[in-house]
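The values are calculated or read from the model by the stated rules, or taken from the named source; none is laboratory data. As the structure is a prediction and not an experimental result, all values here were calculated from the model. Note: ideal-geometry Cβ built from the backbone for every residue, glycine included; neighbour counts use all protein chains shown. Remember, those area values only see protein heavy atoms, side chains included, never the ligands or the DNA or RNA. Shrake-Rupley method; radii C 1.70, N 1.55, O 1.52, S 1.80 Å.
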Amino acid sequence: MNRRDAVAGALLGALIPAAFAQSAAWPSRALRIMVGSAPGGGTDAMARAVADRLGPAFKVPVVVENRPGASNTMAADLTAKATDGHTMVMGVSTAHAIAPHLMKLGYDNGKDLVPVAFVGSVPNVLVVNNELGVKDAGELAALARRKAGQLNYASSGAGSTQHIAAELFKEATGTTITHVPYKGSNPALMDLIGGQVQMSFDTMASVLPHIQAGKVKALAVAGAKRSPRLPNVPTMAEAGIQNVEMGAWYGIYMPAGTPLPVQQKVHEEVNKLLALPETRTRLEGIGAEISPMTQAEFAAFHEAENKRYGELIKRRGIRVD
């Protein structure tokens, strides 16, 4: 070993214990969970369910910070560039598997953020305004064909799961329906309830309270099976419309430079809180399916979903205007 290698080795040997010591003291201040949608949406609900339990576990405040816009990627961008060591993002498939294939991002989705803890997934649900006068997805498709270009569908933003699901619906049914993007599910649903738009493929977490309150009508679940939260609502396939399966998944991402011991801390605590009956009840109450993963499994899932959506977007010719 030459002198340069010996010096480098000594420096590395000194840095590793220091890094682990610093990680052992983490967190040393309040934590931020960035959310890429407005308050009241599915991503926000998932983040707050985690934040409410993560704070007591780490004995520091955990602040949920909403930064809606750009298909949930604004929050991801801020997190990727964060240098305070105490910022994470409630990632959603919109930002971490769909947007990279549709938008020019200010960060590298595969390098600047690391998947840390998978939280769960929720299916999208086809809902319509109560005054539209259709009783099922087949009638909606027939109406859209009769009124080509006259119906509008809402989404939480261009490139969202709502956007992709509706485009799949149009492809499967041969219909022309106009996309009206919003900055989050909550304002989109308010306009759906008010009749400014006629339909949406929103996530179960966002739309379930409005379905239960009778403010919108659920026609079909865009999942492989019926949801326990809406047992009387058929799947799209059961409604006779094939190849329209869509759901949103959620997980904690941190900046790629986050020390591994810190990532492990967050991963372990999130999985602990997901095992708590009260947390599971809270998340399942908004239609979430809880399916814990190891961090390695989450990383592999992230890669697989990027490939799946990339191929789907290319095959369907989906674009963001």
Mean-square fluctuation maximum in Gaussian network of the chain, Cα pairs under 10 Å, restricted to V128, V244, V116, hits V244
Averaged per residue, the 1.4 Å probe accessible area of the chain, protein heavy atoms only, in Å², is roughly 44 Å²
Sequence order, region 134-146: Karplus ³J(HN,Hα) from phi using 6.51 cos²θ - 1.76 cosθ + 1.60, θ = phi - 60°, Hz rounded, Gly and Pro as x, gives 10, 9, 8, 5, x, 5, 4, 4, 5, 5, 5, 6, 5
Taking Cα pairs closer than 8 Å and at least 6 residues apart, the relative contact order of the chain in percent is 25 percent
Residue by residue through region 57-65, the couplings from Karplus 6.51 cos²θ - 1.76 cosθ + 1.60 with θ = phi - 60°, in Hz, x for Gly and Pro, are 5, 9, 6, 9, x, 10, 9, 8, 10
Expressed in square angstrom to the nearest 10, the accessible area of K272 with a 1.4 Å probe stands at 120 Å²
To the nearest 10 degrees, the tilt of helix 3-24 (Cα long axis) against the first principal axis of the alpha carbons of the chain is 60 degrees
GNM on the chain, Cα springs under 10 Å; top mean-square fluctuation among T83, T203, T43 goes to T83
Rounded to the nearest 5, the percent of DSSP beta bridges in the chain running antiparallel is 60 percent
With label points set 7 Å from each Cα along the Cα-to-Cβ direction at N152 and A256, the distance between them in nm comes to 4.0 nm
Taking a label point 7 Å from the Cα of K104 along Cα-to-Cβ, the residues of region 179-206 whose backbone nitrogen sits under 18 Å from it are none
Residues whose built amide H sits under 5 Å from the amide H of T203, excluding neighbours closer than 5 in sequence, are V125
Here, Q196 and R280, labelled 7 Å along Cα→Cβ, have an inter-label distance in nm of 4.1 nm
The distance between the Cα centres of region 37-86 and region 99-140, in whole Å, is 18 Å
With the 8 Å Cα cutoff and a minimum separation of six or more residues, region 129-239 has a relative contact order in percent of 30 percent
The percentage of the accessible area of the chain (probe 1.4 Å, all protein chains present) made up of carbon and sulfur atoms, to the nearest whole number, is 53 percent
If one builds a Gaussian network model of the chain from Cα atoms under 10 Å apart, the most fluctuating residue listed among I211, I164, I98 is I211
Checked against a 24 Å limit on the C-alpha separation, the offending pairs among K111/K183; K111/K272; K81/K183; K104/K307 are K111/K183; K111/K272
Expressed in angstrom and rounded, the centroid-to-centroid distance over alpha carbons for region 250-319 and region 143-212 is 25 Å
For A220, the residues 5 or more places away or on another chain with a placed amide H closer than 5 Å to its own amide H are L126
Per 10 angstrom bin, beginning at 0 and ending with the bin that holds the maximum distance, the Cα pairs of region 129-239 fall in percents of 15, 51, 33, 1
